[in-house]
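The values are calculated or read from the model by the stated rules, or taken from the named source; none is laboratory data. Note that the structure is predicted; figures quoted are calculated from it, not measured. Counting neighbours? That spans all protein chains shown, and the Cβs are built from the backbone with ideal geometry, glycine included. We work out accessible area using only protein heavy atoms, side chains counted, and drop any ligands, DNA or RNA first. Shrake-Rupley method; radii C 1.70, N 1.55, O 1.52, S 1.80 Å.
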Amino acid sequence: GEVILICILKGSIVFASDLMRNLNFPVILDFVAASSYGSSTQTSGVVRITKDHDNPIAGKDVLLIEDIVDTGLTISYIKKLLLSRNPKSLKICAFLDKPARRKTDLNIDYTGVKIPDKFVVGYGLDYNEKHRNLPYIAVIE
């Protein structure tokens, strides 16, 4: 069967679109949006689902795609929510991993690049909704 790719909006759309074009099996693309950042470089730790996925995932293989995992609070919250809906399997794929900021015990199944504790933008990642369109990753000083 197919794999349901659940892309976490907005940051992971660029990575997800590159990733899915390199997968050689059937996929269904879906999205969730969660908010945990205010307009600062520090996470609030409070997670709200602002858009839920559309396709049912019970009994399905799910790949949750995230741009960056830092504290891990947002993705842990989404993971728990999705597991409560009884998928056949749930794996996490993150483009960037910032382990120095982790506040939760989280297993990332597929990681692109581990990065130091810097605030990064570009390739989908933003600062106050800006810089997502940069074709590279940059550090905000």
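Restricting the stretch 1-17 to residues that are part of a loop (DSSP other than H, G, I, E, B) and open to solvent by less than 30 Å² (accessible area, probe 1.4 Å), which is farthest from TYR110 (Cα to Cα)?
Within the stretch 1-17, the match that is farthest from TYR110 (Cα to Cα) is GLY11.
Mind listing just one residue for me: the one in the stretch 121-141 that is among the aromatic types (Phe, Trp, Tyr) and assigned to a loop (DSSP other than H, G, I, E, B) and, of those, farthest from the chain's Cα centre (by Cα)?
TYR136
Got a number for residues in the stretch 74-109 being touching a strand residue (DSSP E or B) at 6+ places or on another chain (Cβ under 6 Å) and not hydrophobic (A, V, I, L, M, F, W, C)?
Residues flagged as touching a strand residue (DSSP E or B) at 6+ places or on another chain (Cβ under 6 Å) and not hydrophobic (A, V, I, L, M, F, W, C) within the stretch 74-109 amount to 8.
Taking the residues in the stretch 62-116 that are part of a loop (DSSP other than H, G, I, E, B), at pLDDT below 95 and among the charged types (D, E, K, R) as candidates, determine which candidate is most open to solvent (accessible area, probe 1.4 Å).
By that ranking, first place goes to ASP105.
Can you tell me which of (1) in contact with an Asp or Glu (Cβ under 6 Å, 6 or more places away or on another chain); (2) modelled with pLDDT under 95 is the one VAL46 doesn't meet?
Failed condition: (1).
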